[in-house]
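Asker: What follows is a single structure, and I will ask about it in a moment.
Each value in this text was obtained by applying a stated rule to the coordinates, not by laboratory testing. The structure displayed is predicted, hence computed values, not measured ones. So basically every Cβ, Gly included, is an ideal-geometry build from the backbone, and we count neighbours across all protein chains shown.
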Amino acid sequence: MAMEDPDRKTEVVLLACGSFNPITNMHLRLFELAKDYFHETGKYKVIKGIISPVGDAYKKKGLISANHRVTMAKLATENSDWVEVDDWESCQNEWLETLKVLRYHHQKLLSADVTNSLQDAVPITKLGRKRKQEPNRHEPIKKKNQSPVVKSVPQVKLLCGSDMLESFGIPNLWKLEDITEIVEKHGLVCISRAGNNAQKFIYESDILWRHKNNIHLVEEWITNDISSTKIRRALRRGQSIRYLVPDVVRAYIEKNRLYSPESEDRNAGVVLAPLQKHASDPRSSQALNN
């Protein structure tokens, strides 16, 4: 049996956008589940995971400051050798569509690829006296007809739970053209529970069905029902959240006295940024399932 050539595998970067209010063990599990899925196909190699917390301008009810949310995410991933936190999105003054965050990270990879190519192309020479050529030193002999392996830029795929996938159907939350570009040009990795309706949701949408080969549904067999909403509820009631979030995150929450009945009322009555922005836009996702 021929050995798998690692250079032939498509490199993937997993990007998770969201509130992370606070980050939980379930958020971290999404990355591990997706990585296992891609590696088991034998076609992909996951090289990085990125957590991108949303900015304060998202105006979601109960959303605490981005500074705290980013810090907690960084604490949660400090021992990971492949998942990192990016604060570019959270530092923006205005709310950004998820597609723009995807484009930003794709462009960042393109720029890094160009830089690396230039570095590989230009030989580094040191000033000073030339070293005498050793008689037994030879250039490695290239095999006949051997062509150099050209590595493509890694694909940035949006990592999410089935709730985000199904949110595509909420009127005015997403622009139709954004959904199309996400699934067509980037791809979606959706962690869904056994018996979930994610497949049915894709079937009922012409746009999602058209690009179904770029939507990866990963079944979560070891179910985990942890959510940030439930964590905040437990904290408001003075209940323990140990083993639901990383210990460093729990300690940070306690130290800074985060998540109270008062913080949960933050942005109460304020219209969510995307709903406010897309309400008058005819290209919003109200026609997704038509």
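Asker: May I ask you to list the trypsin sites (Lys or Arg not before Pro) in the stretch 180-275 that are in a DSSP loop and have at most 14 other Cβ atoms within 10 Å of their Cβ?
Answerer: Hits after loop and neighbour filter: ARG237, ARG257.
Asker: Filter the cross-link list LYS108/LYS230; LYS175/LYS200; LYS59/LYS212; LYS108/LYS185 down to pairs whose alpha-carbon distance in this structure exceeds 26 Å.
Answerer: LYS108/LYS230; LYS59/LYS212
Asker: Cα centroids of the stretch 14-32 and the stretch 159-216: how far apart, whole angstrom?
Answerer: 18
Asker: In whole Hz and in residue order, list the ³J(HN,Hα) couplings for the stretch 163-179 that follow from phi through the Karplus curve 6.51 cos²θ - 1.76 cosθ + 1.60, θ = phi - 60°; x for Gly and Pro.
Answerer: Karplus values, whole Hz, x for Gly and Pro: 5, 5, 4, 6, 5, 4, x, 7, x, 6, 7, 10, 7, 4, 5, 5, 4.
Asker: Return the sequence-ordered ³J(HN,Hα) values of the stretch 67-80 in whole Hz as given by the Karplus equation 6.51 cos²θ - 1.76 cosθ + 1.60 applied to θ = phi - 60°, using x for Gly and Pro.
Answerer: So the Karplus estimates, Gly and Pro as x, are 4, 5, 5, 5, 4, 5, 5, 5, 5, 5, 9, 4, 9, 7 Hz.
Asker: Can you run phi through the Karplus equation (6.51, -1.76, 1.60; θ = phi - 60°) for the stretch 259-269 and list ³J(HN,Hα) in whole Hz, with x for Gly and Pro?
Answerer: Result, rounded to whole Hz: 6, 10, x, 5, 5, 5, 8, 4, 6, 4, x.
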